[in-house]
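The values are calculated or read from the model by the stated rules, or taken from the named source; none is laboratory data. Note that the structure is a prediction, hence the values are computed from the model and not measured. So basically every Cβ, Gly included, is an ideal-geometry build from the backbone, and we count neighbours across all protein chains shown.
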Amino acid sequence: MSSKNQYSDEFKEQIIKKCGETGNVATQARRYNISTNTIHTWIKKYRQTGSVKTLPKAEIVRTDNGPEKHMK
C-alpha cells in the first residue's frame, strides 16, 4: 500500500530555503525524513515557476462536442 504525504506550501518553501543555505539536500532530507527526489522536485518547480504552490487539476467534462478541460 502506498502512502502519499501532503506537505504545505510553506513547509516546502522552508525546506528549499534551508537547502539553499546549507547547500545540502541530503542533510535536510534525512532531518525531515523526506526523499531527496521529492525535495529536488520542489526545487525544480520553484526554479521554473518561482513558487511551489500546487495548481488546481483540470477536470475533463464530456460535452456533445467532445471532452473539454475545466479548472476545478
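Within the stretch 21-41, residues that are exposed (fewer than 13 other Cβ atoms within 10 Å of the Cβ) sit with their Cβ atoms under 8 Å from residues that are assigned to a helix (DSSP H, G or I) and not aromatic (Phe, Trp, Tyr), at 6+ positions apart or across chains, in these pairs: 22/28; 26/36; 35/29.
Those residues that are among the polar types (S, T, N, Q) and buried (at least 16 other Cβ atoms within 10 Å of the Cβ), I need them from the stretch 9-20; list them, please. Working first, answer last.
The initial filter retains those residues of the stretch 9-20 that are among the polar types (S, T, N, Q), namely 14.
Within the stretch 9-20, none qualify.
So that you can scan it fast, the table gives a plain yes or no per residue for (1) surrounded by fewer than 10 Cβ atoms within 10 Å (Cβ to Cβ); (2) part of a helix (DSSP H, G or I); (3) at pLDDT 95 or above:
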position	(1), (2), (3)
1	yes, no, no
5	yes, no, no
47	yes, yes, no
55	yes, no, no
59	no, no, no
